[in-house]
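**Student:** One structure coming up, written as structure tokens, with questions to follow.
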Amino acid sequence: MAGFFRHKSDHGTQAELELLQNSLSAIKNSNAVIEFAADGTILSANGAFLKLMEFNLDEIEGKHHSIFLSKEDASSSNYQKFWEDLRSGVHKSAEFKRIAKTGREVWLQASYSPVVDRSGHCVRVIKIASDVTQARLMNADHSGQIAAIGRSQAVIEFSMDGIILDANENFLSVMGYSAAEVIGRHHRIFVTPEDASHPDYEKFWNTLRSGQHEVREYKRLAKGGREVWIQASYNPIRDLNGKPVKVVKYATDVTKAKLQAADYAGQIAAIGKSQAVIEFNMNGTIIGANDSFLQVMGYEASEIVGRHHKMFMREEDLGPTYEQFWLDLQAGKFSSREYCRMANGGRLVWIQASYNPIFDMNGVPFKVVKYATDITQQVRQREKFSLLSLVADETDNSVVITDRHHRIIYVNNGFERLTGYTLAESIGKNPGKMLQGNNTSPDTVARIRQKLAAGEAFYEEILNYNKRGEPYWISLAINPVRASDGSIERFVSIQANVTETKKRSLEFNVKLEAISQANIIAEWSMAGEPISTNKTANVASAGQLSFVLDEASMRELLSEGKLRRELNWPSDGPVCWLEASFSLIHDLEGQPERILMCGVDVTSKKASAVNSAQAMSDMLGDITRTVETISGFARQTSLLALNAGIEAARAQDAGRGFALIAGEIRKLAASAGDAVTEIDALIAASHAKVEAMGGASPRSKVA
């Protein structure tokens, strides 16, 4: 008996194993299957999995599951926990993003099933997966479109009997209701009682219940009875069996457009008076044209009505692009740009025109209206300027034209003379790489690349090298040339050789630096505010210009444009005397905008002059005292001579000879007095000159 049951048990186990194997084979035949060790090492994979992930078995066998993940995902803590959970026997089932051999993203609906031994330890993991990439992409696309529509349009949902299920904020805002006020009520709250009771209203809902959609303009009533016009589509939504289960309405408030219809009609009439207008049916047959259009094209109405639009086209413009042009118009897409058309007699006419599909009440385009302006002269002028800008061989400047990838497509003779490179040597090359050298400024190169990448016009100066390796400086102006759609077609560069100007500028800067080292230089605004100074001077210590020049000197400077003065420069340290020149600096219009001072330090010279003046003054004092002594002697001699004359007169004849001598002595004394007077005058004049030589007082503004 025991044997029987043992036999039966063995037989049952074998049958169960066969059943399991058959089930597993069925699963493998219909799904992508891969097996892993407990640590994630790939053990095997069926053909469906290998085909889906674009691998061969020998490319993945023995490798880790992480080869199907991006580096970021494979290194994440979530991924580590994922395998820890599997090893602990936790089943995983979800949608997973994986990476195929070619780098393509693959989305899998997959289940990871741990296989445990009798002791409960995970020994392997079996993954069964289905490719849901397309469904995932489609769902994302549909969800994005629906979300975009919901953001831009008023949306409301109804049951098939017209009961409101939901409405978005745009719809509620248009109609003036809250969600609680409309959900659960019937659509008829938005229509007048007359419209709700009309047979057409019931027919409207019957049409929707049959699965047909409705699209047109509708008059609806907002909260409070306010009239609202909407451009709306009622769209039945079907279940998986094709049965309509609800209606979604997408609407746009066109109330203002409706109210402005009369105004638009007037504007259209005005346009017809000022522009060329022609109408076509949807296959391009001409319906009518106004006088302006007929005049531009040189036709009578009878010559064009009933004919196709292609009569205005050049032969080379007909073809697939032209056919697509009309297909787009038939689809309701308008077109607006410049067009070349052929007038009567083959004359070419350029027009700025818009082709506008006109829709009927059901939103279906039924004709095309074209509004046009004749711009033939402007286009010809523009083409002329374009040719003149490209034909630049006669200029001494260098002209370079590159494509949008910065490869040279044209250089003029000026470029060849400047660089030594011929057109043949330059074609296809990048001008920067060809001409820049070791000492070209990296910052300048970076700025140029930034401007080119941004598609901006700009001006720069840069050091380049010619074919012989000789450096030269250029002023560089680059302008992008754009196509009609705004994209960049090419770059035009005008380059002028400024090497000599740059040399003179450098020499000037060196000279200016030398002058700055040897002199005191300061600047003030016309209001007298300090602006700048060189390292020798401290303009802050000088402060306002009024501390340096008095009003009279300022008037002279403004009148003459320049001024030369010896002055005591304000300083917190030792006294500083300057021999200073003031000049007005003018702006581009010739108006004075700054005052410049260049001063030479004459403190030592001034000190020497003061010392010399003091010495002269001391000497003149000594002379004065000596002259005063002589003057005293002359007065005493004159007095003695007078007394001698008196005594000689008393002696009468005996004193006559002595009287003659006394007279001569008086004459000598008078002459000495006259000499002393002259010496006094000379000493006074010398004192004045010595004082002038010594200078003004130490804190005076102007010497």
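The values are calculated or read from the model by the stated rules, or taken from the named source; none is laboratory data. Small disclaimer: the values here were computed from a predicted structure and weren't measured. Quick reminder, even Gly has a Cβ in these numbers, built from the backbone with ideal geometry, and neighbours come from all protein chains shown.
**Student:** Mind checking which residues of segment 80-139 are of a type in the set (A, V, I, L, M, F, W, C) and more than 52 Å from the chain's Cα centre (by Cα)?
**Tutor:** Hits for segment 80-139 are L86, V90, V115, V116, C122, V123, V125, I126, I128.
**Student:** If you scan segment 99-126, which residues turn out to be loosely packed, with under 14 Cβ neighbours inside 10 Å and among the basic types (K, R)?
**Tutor:** Of everything in segment 99-126, those that are loosely packed, with under 14 Cβ neighbours inside 10 Å and among the basic types (K, R) turn out to be R104, R118.
**Student:** Same structure again: Here are some conditions: (1) over 14 Å from A343 (Cβ atoms); (2) not in a helix (DSSP H, G or I). Y299 meets all but one. Which one does it not meet?
**Tutor:** In the conditions (1) over 14 Å from A343 (Cβ atoms); (2) not in a helix (DSSP H, G or I), Y299 misses (1) alone.
**Student:** Continuing with this model, one more query. Provide a single number: the residues in segment 411-434 that are in a loop (DSSP other than H, G, I, E, B), under 17 Å from N397 (Cα atoms) and at pLDDT 90 or above.
**Tutor:** 3
Quick grid of which residues meet (1) surrounded by 15 or more Cβ atoms within 10 Å (Cβ to Cβ); (2) at pLDDT below 95:
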| position | (1), (2) |
| --- | --- |
| E169 | no, yes |
| S173 | no, yes |
| R185 | no, no |
| D195 | yes, yes |
| E214 | yes, yes |
| Y218 | yes, yes |
| R226 | no, yes |
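**Student:** So, one more: Would it be correct to say that R136 is touching a residue at least 12 places away in the same chain (Cβ under 8 Å) and either surrounded by 12 or more Cβ atoms within 10 Å (Cβ to Cβ) or over 18 Å from R220 (Cα atoms) (or both)?
**Tutor:** yes
**Student:** Same structure, new question: Go through segment 298-319 and give me each residue that's in contact with a strand residue (DSSP E or B) (Cβ under 6 Å, 6 or more places away or on another chain), among the basic types (K, R) and within 17 Å of M282 (Cβ to Cβ).
**Tutor:** Passing the criteria: only R307.
**Student:** Right, next: Check whether at least one residue in segment 442-454 is over 20 Å from the mean Cα position of the chain (by Cα) and either surrounded by fewer than 16 Cβ atoms within 10 Å (Cβ to Cβ) or of a type in the set (F, W, Y) (or both), and report yes or no.
**Tutor:** Scanning segment 442-454 turns up at least one residue that is over 20 Å from the mean Cα position of the chain (by Cα) and either surrounded by fewer than 16 Cβ atoms within 10 Å (Cβ to Cβ) or of a type in the set (F, W, Y) (or both).
**Student:** Something else now. Count, please, the residues in segment 33-74 that happen to be of a type in the set (F, W, Y) and in a strand (DSSP E or B).
**Tutor:** Count: 1.
**Student:** Restricting to segment 28-79, and then to whatever is among the hydroxyl-bearing types (S, T, Y) and touching a Leu at 6+ places or on another chain (Cβ under 8 Å), can you tell me which residue is surrounded by the most Cβ atoms within 10 Å (Cβ to Cβ)?
**Tutor:** Y79
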